[in-house]
Amino acid sequence: MTIDTIPEEVGMARIPEAEVERLKAEVSLQRLVEAKGVKLARQGKDWLGRCPFHDDKTPSLVVSPGKNLWHCLGACATGGTVIDWVMRAEGVSFRGATGYRPGAIKPAVHQAGGNRRSDPLA
């Protein structure tokens, strides 16, 4: 029997897709990046900063708040969602990045401007 064939009730519970999508929509990527010490400067509709994952002399990290996505145009040449950011920044698994425990996902908080985002610093 391989791990792929282990019945779900024997292995770890699958993280509900609705919870994953909710986290991607409600957690502010911009705030997560800034909480990691990256100084961001507005460039049109996006924010630019120095990528913390490699020696970055000029800003190559692009954060798109409208889409809640990030991308490194430099040596990393990678990007993704808030979950991908936490996995990379904290060196944790997908499950660790989502902090998933049934019933333990933090509720969203309202920020100025009516945006709903979970507080990544709480």
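The values are calculated or read from the model by the stated rules, or taken from the named source; none is laboratory data. Small disclaimer: the values here were computed from a predicted structure and weren't measured. Cβ: placed from backbone, ideal geometry, glycine included. Neighbour counts: every protein chain shown. Surface areas here come from the heavy atoms of the whole protein model, side chains and all, with no ligands, DNA or RNA. Shrake-Rupley method; radii C 1.70, N 1.55, O 1.52, S 1.80 Å.
If VAL92 satisfies all but one of (1) open to solvent by less than 40 Å² (accessible area, probe 1.4 Å); (2) among the β-branched types (Val, Ile, Thr); (3) at pLDDT below 95, what's the number of the condition it fails?
(1)
Just checking, which of CYS76, CYS72 is within 17 Å of the chain's Cα centre (by Cα), at pLDDT 95 or above and surrounded by 12 or more Cβ atoms within 10 Å (Cβ to Cβ)?
CYS72
If you scan segment 65-93, which residues turn out to be over 12 Å from LEU32 (Cβ atoms), free of Cβ contacts under 8 Å to residues at least 12 places away in the same chain and out of contact with any His (no Cβ under 9 Å at 6 or more places or on another chain)?
Correct list: LYS67, HIS71, GLY91, VAL92, SER93.
For segment 15-47, enumerate the residues that are open to solvent by 50 Å² or more (accessible area, probe 1.4 Å) and aliphatic (A, V, I, L, M).
ALA18, ALA25, ALA35, ALA41
Restricting the search to segment 53-69, which residues are closer than 15 Å to ARG88 by Cβ, surrounded by 16 or more Cβ atoms within 10 Å (Cβ to Cβ) and of a type outside the set (A, V, I, L, M, F, W, C)?
ASP56, SER60
For segment 15-42, give me each residue that is assigned to a strand (DSSP E or B) and modelled with pLDDT under 95.
Result: VAL27, single match.
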